[in-house]
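The values are calculated or read from the model by the stated rules, or taken from the named source; none is laboratory data. Computed from a predicted structure; not experimentally measured. Here the Cβ positions follow ideal geometry from the backbone for every residue, glycine too, while neighbour counts run over all protein chains shown. All accessible areas refer to the heavy atoms of the entire protein, side chains included, with ligands and DNA or RNA removed. Shrake-Rupley method; radii C 1.70, N 1.55, O 1.52, S 1.80 Å.
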Amino acid sequence: ISDKDEQIIKAPPEAVKKGGYCMIRGMPCKLEICEVLPKATANGNKRLHIRGPNVFTGKHYEDTLNLTAGFHGIDVPVTVKAQYSIMDVDSDTGFLSLLTDSGDCREDVGLVKNEDGSFDELGQEVISKFEAGEALKLTVLSILGKDVVIACDVDTGA
């Protein structure tokens, strides 16, 4: 449990923005909506409405947080983004061979699969572009000890 605790920090409401990441109902999500709601009464509590898709599954989560009584901060997962050149794709399993800027090889990152076993939209794009012979750069997000491909761009430096 201590390992997971180090991957989640408490952040003030001002630090949580649309497009950022936070834990919604215990799930790591990318925020689509992050807005302070008006007070219900003159002496009412400040509330924050947040909503976004789960980073790993795409399922949407939503919550309204009370920012006044007993509030100790919003859980935010520690994230790291990195870009890699793609060397190979296994179109059956979705595992990738990636080349780091320092010349090392990473083979522990895979494409996201839907519940029916097919690859998600981004995964299909990566496979089709790679099979077409395009040089690609992938942006990989490391969050809660897992790596997820979040973007695919043509590598202009190749």
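Worth a mention:
- Of the strands (runs of 3 or more DSSP E) lying entirely inside region 62-158, those containing at least 3 residues that are touching a Leu at 6+ places or on another chain (Cβ under 7 Å) are 79-89, 105-110, 146-154.
- Residue match in region 89-101 (condition: under 15 Å from the mean Cα position of the chain (by Cα), surrounded by 14 or more Cβ atoms within 10 Å (Cβ to Cβ) and within 27 Å of Asp120 (Cα to Cα)): no
- Residues satisfying the stated conditions in region 61-77, i.e. open to solvent by 40 Å² or more (accessible area, probe 1.4 Å), β-branched (Val, Ile, Thr) and in contact with a strand residue (DSSP E or B) (Cβ under 6 Å, 6 or more places away or on another chain): Thr64
- Test for Gly133: is it over 30 Å from Cys22 (Cα atoms) and either of a type outside the set (Asp, Glu) or modelled with pLDDT under 90 (or both): yes
- Of all residues in region 38-60 being open to solvent by 40 Å² or more (accessible area, probe 1.4 Å) and of a type in the set (A, V, I, L, M, F, W, C), the one that is farthest from the chain's Cα centre (by Cα): Ala42
- Qualifying residue in region 19-27 (condition: out of contact with any helix residue (DSSP H, G or I) (no Cβ under 6 Å at 6 or more places or on another chain), in a helix (DSSP H, G or I) and surrounded by 13 or more Cβ atoms within 10 Å (Cβ to Cβ)): no
- Across region 67-83, the number of residues qualifying as among the aliphatic types (A, V, I, L, M) and modelled with pLDDT under 90 comes to 2.
- Gly44 satisfies every condition listed in (1) out of contact with any Pro (no Cβ under 9 Å at 6 or more places or on another chain); (2) part of a loop (DSSP other than H, G, I, E, B); (3) of a type outside the set (A, V, I, L, M, F, W, C); (4) at pLDDT below 90 except (1).
- Any hit, region 103-120, residues being more than 19 Å from Thr57 (Cβ to Cβ) and either in contact (Cβ under 8 Å) with a residue 60 or more places away in the chain or among the β-branched types (Val, Ile, Thr) (or both): no
- Counting the residues of region 102-121 that are open to solvent by 40 Å² or more (accessible area, probe 1.4 Å), modelled with pLDDT of 85 or more and not hydroxyl-bearing (Ser, Thr, Tyr) gives 7.
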